[in-house]
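Working notes, beginning with the structure itself.
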């Protein structure tokens, strides 16, 4: 569910017209709905009512400070994968005790930063990382709480670029080595291996891979306790999919997911951690763009808009589908035709949709690319020296720019010229 709907023929975010925002900030821009963010978090939280949980929103999905603070004020923790994301979480008021640090390539400086903020736990992914974290913890005079991320070699049945729980993926410790590495971790000074972690992928719409993976996770906790390890928490990761298209499968709801988790965790008396990102932020955002030209060709029609692959790379990178709605509601008898919705970037791969059946559009019309709240703005770039687009947040009838469009002076001024070019 999301809070984007037509009112008096114009697409609104909650109580605010997207056309009015376009007039104010220009196009393209991202727009996020506070009500959708809050609802998705609360629905996930409610699915685990009565359980001891820590829901750590995955910052990489959408790291805008306003998004983080909106969720943090509801009690969310944060899952971070870099020092930059850690700093963002702290700046948004998230206490260290509600932060977990993931990622296969943490540096010593990043480990030290996590320890300095007394984060809840590190999700460790290799023997080398355990040894490095031990050394940093000793230097810091602190103890690092650790969960080993275990790779169960389970196919999550999602796009291969966002599958993370197969043997050929770079993530996690091989299942066959997990017991040995817990023994190693327990002997390393400065480490307290008190959790287990698993994350098998993203945009998962079939519960069966979760069920198989979580059964293994339960087995691991039992084996570890049988070997004398004290396991306080289980981190089930994230991965629940969102409905990117209306004509495809409907992702499972949080209650069905929770039933599988609770079955795996029954009688283990562990705190349950989660790292949802996309399912909270995905449907909470749209990318609004303006049609520049409609260009008929010999084999197809191109609808050229002012948003490109540098603004939303998912269609180019993953072949991802995003629904596209005209901001001005189409009439019931409007002509519908197939078109490629493409951007101005000088790449053939620059597109938002291919062969998409849409109401006929004209230059100046506005479109909204749906389900763009996750992995949209965070993956944007200034390729072709294009400015990053602004982000806007709506709450009821109010809206605010939460990241302004930078200037060309700022973009170009980030470069520094060497003295041999300037004569200085």
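Residues in the stretch 319-342 that are under 26 Å from residue 278 (Cβ atoms), part of a loop (DSSP other than H, G, I, E, B) and out of contact with any helix residue (DSSP H, G or I) (no Cβ under 7 Å at 6 or more places or on another chain): 319, 321, 323.
Does residue 287 meet the test of being assigned by TED's automatic domain parsing to the domain that holds residue 10, part of a strand (DSSP E or B), touching a residue at least 24 places away in the same chain (Cβ under 8 Å) and in contact with a helix residue (DSSP H, G or I) (Cβ under 6 Å, 6 or more places away or on another chain)?
Details: assigned by TED's automatic domain parsing to the domain that holds residue 10: yes; part of a strand (DSSP E or B): yes; touching a residue at least 24 places away in the same chain (Cβ under 8 Å): yes; in contact with a helix residue (DSSP H, G or I) (Cβ under 6 Å, 6 or more places away or on another chain): no.
Spelling it out, it is not the case that residue 287 is assigned by TED's automatic domain parsing to the domain that holds residue 10, part of a strand (DSSP E or B), touching a residue at least 24 places away in the same chain (Cβ under 8 Å) and in contact with a helix residue (DSSP H, G or I) (Cβ under 6 Å, 6 or more places away or on another chain).
Pairs meeting the criteria (first residue in the stretch 401-420 and closer than 17 Å to residue 29 by Cα and in the same structural domain as residue 382 (by TED's automatic domain parsing), second residue modelled with pLDDT of 95 or more and assigned to a strand (DSSP E or B), beta carbons under 6 Å, at least 6 apart or on different chains) are 401/392; 402/391; 402/393; 403/391. Is it the case, given these coordinates, that residue 101 is closer than 22 Å to residue 53 by Cβ and over 17 Å from the mean Cα position of the chain (by Cα)? No: the conditions fail for residue 101. Taking the stretch 222-267 as the region of interest, how many residues are assigned to a loop (DSSP other than H, G, I, E, B), touching a residue at least 40 places away in the same chain (Cβ under 8 Å) and more than 18 Å from residue 202 (Cβ to Cβ)? Final tally of qualifying residues: 3.
Scanning the stretch 65-119 for residues that are surrounded by fewer than 21 Cβ atoms within 10 Å (Cβ to Cβ) and in contact (Cβ under 8 Å) with a residue 40 or more places away in the chain turns up 65, 66, 98, 104. For the stretch 357-377, a residue qualifies if it is loosely packed, with under 15 Cβ neighbours inside 10 Å and either farther than 18 Å from residue 25 by Cα or outside the structural domain of residue 304 (by TED's automatic domain parsing) (or both), and the qualifying residues are 357, 362, 363. Just one of the listed residues (386, 395) is in contact with a helix residue (DSSP H, G or I) (Cβ under 8 Å, 6 or more places away or on another chain), surrounded by 10 or more Cβ atoms within 10 Å (Cβ to Cβ) and assigned by TED's automatic domain parsing to the domain that holds residue 310, and it is 395.
The values are calculated or read from the model by the stated rules, or taken from the named source; none is laboratory data. Keep in mind it's a predicted model, so treat the numbers as computed, not measured. In this analysis, Cβ positions are derived from the backbone assuming ideal geometry, glycine residues included, and neighbour counts consider all displayed protein chains.
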